[in-house]
1. Could you tell me what a quarter of the Cα convex hull surface of segment 162-207 works out to, in nm² with one decimal place?
2. Just to be sure I understand the curve: with the Debye formula and one point per C-alpha of segment 1-127, what is log10 I(q)/I(0) at q = 0.09, 0.12 Å⁻¹?
3. Grab the alpha carbons of segment 81-164, take their convex hull, and tell me the volume per residue in Å³.
4. Kindly write out, for segment 320-336 in residue order, the coupling ³J(HN,Hα) from the Karplus curve 6.51 cos²θ - 1.76 cosθ + 1.60 (θ = phi - 60°), rounded to whole Hz, with x marking Gly and Pro.
5. In this model, which of 42/138; 201/295; 198/299; 199/239; 199/299 are farther than 23 Å apart at the alpha-carbon?
6. If you project the alpha carbons of the chain onto the principal axes, what extent comes out on each, in Å, largest first?
7. Could you tell me which trypsin sites (Lys or Arg not before Pro) in segment 1-63 are loop residues by DSSP with no more than 11 other beta carbons within 10 angstrom of their beta carbon?
8. Rule-of-thumb check for segment 147-231: C-alpha Rg over 2.2 N^0.38 Å?
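The values are calculated or read from the model by the stated rules, or taken from the named source; none is laboratory data. From a predicted model like this one, the values you see are computed outputs, not experimental measurements. No Cβ is skipped: glycine too gets one built from the backbone with ideal geometry, and neighbour counts run over all protein chains shown. Protein only, heavy atoms only, side chains kept; ligands, DNA and RNA dropped before computing areas. Shrake-Rupley method; radii C 1.70, N 1.55, O 1.52, S 1.80 Å.
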Amino acid sequence: MELNLQDVSLTINGLVSYCKCKCKHCLLCSGDDRIQQIPYDKLEQLALKFEGIRAATGINTSLCVYNCSDYPELPHAMEVDRKISAYAGYQNLNGTPIRSGRKLSEWVSYLKNECKVTNANLSWFGNEVFHDSFVQCKGYYQYLIELATELSKQKVNYHNTVFILHSNLEMLEELYSILNNLGGTISFTLLDYRGNAKKIKNEFLTQEDSEKLPGFLLQKNLYNAKRNKLQAEWISLIKKGQLPNLTSRMMLLVATPSNIDSYLRMTCDEIIEMFHKMDKELQHSLPSISDLAYKYGSKDNILIDFRSLLWMWIDSWFEDNPQLNKSLVFSDLHTSVMWR
C-alpha cells in the first residue's frame, strides 16, 4: 500500500486519571489495564517540548490526558494546551466522578474559572436503564442530566454526542427531546471500530437497522449520512476506482513508563521522523485497499465509515499474517498513526 499523506496533528497522550465508567465501546479500553499510569509532570514535560511546533510546521499539537478529566493537575494541563494547541479549552467530561448539588455546582465553577474550560462534551447511549448498563455505572445517566443542567446554568458551552446502536434505535427520538430541552448542541454518530467497540460488533447497524434510522436525524441535520455506508456500498465504490481520498496523517504519541524517558530525550524532529518510519513500515506491510476489500469484503454488511472499515480489514490482515509487526496497527493505547 502506498499513501501520500500530510502530517496534520500530533497528540501527546498518557494515562494519568482513571475513568469511573467502563463503557462497552471505550476506545481506551478503560478498566482493562491495557496501559500503565505515568506521572502527570512527565507527560506535561513531554507536551511542552512541542511548544512552537504548530507555528513552525503547521502540525497541530495537543495534550490528551487519559482516561478522565478529573485529576488535580487539570488547570496545568489546560494551560499547556493553550500554549501548544489550536483547540485549547475543550474537555470530555465523561467518566468523571458522580457529583450532585453544591459539590457539582462548585466543580463546574472550578472547570469554568480555574481550568478555563470553554467547550465540553457529554456522551449518551439511550434511556436511563440502557445508558447506565452500557457505561457500567449505576446512576450515571442522572448524573449527566444534572451536569448538563449545571453547565447550561453556568454558561459553559457543551456538546451532546449520541451514539447510534443496534439496541437503542427506538430510544433516539425521546433522548433527543430530553437533550434538546437541556441545552447544548447535539449530534448523532456511529461507533468507531476501535478499542472495545471491536468486541461489540452486534451493536453496529445492519442493513435492516439502517432502514430504521429515525427521519428526524436527517431532517434536522443531526447525523452525517454521507460519512457512513454499508460495507457492500464501500466495496462497490472501491471496484469502480472511487476510493475515498486518504490524505492526512495524525500521530498519537502515547507515553508509558517504558518509553517516556526515551521520548523526553528525543528531539521533536526525531519523534516526527519515528512516526514517518513507522507509517512507512505499516503501509509496506499491507496490500492495496482493493486487495483488502477482495479478501475481507464479503463479511458483515454493516453500516460503517471508511476509516473504521479499513481498520477492520487491517486487523484481519494482521491476524492472518502473524509474522507481521502488529504494534504498527493503529490503537489509542500505543504510539501509532491514524489516517484520514
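1. Spelled out: convex hull of the Cα atoms, projected over all directions, averaged, 3.8 nm².
2. At q = 0.09, 0.12 Å⁻¹ the computed log10 ratios are -0.30, -0.52.
3. Considering the Cα atoms of segment 81-164, their hull volume per residue is 99 Å³.
4. 7, 10, x, 6, 7, 7, 5, 5, 6, 5, 4, 7, 5, 9, 8, 4, 6
5. On the way: 42/138 34 Å; 201/295 19 Å; 198/299 14 Å; 199/239 29 Å; 199/299 16 Å.
The answer is 42/138; 199/239.
6. Per principal axis, max minus min of the Cα coordinates gives 58, 53, 34 Å.
7. Working: sites: 20, 22, 24, 34, 42, 49, 54; in loops: 20, 22, 24, 34, 49.
Nothing satisfies the criteria.
8. Taking the Cα Rg and dividing by 2.2 N^0.38 Å, one obtains 1.19.
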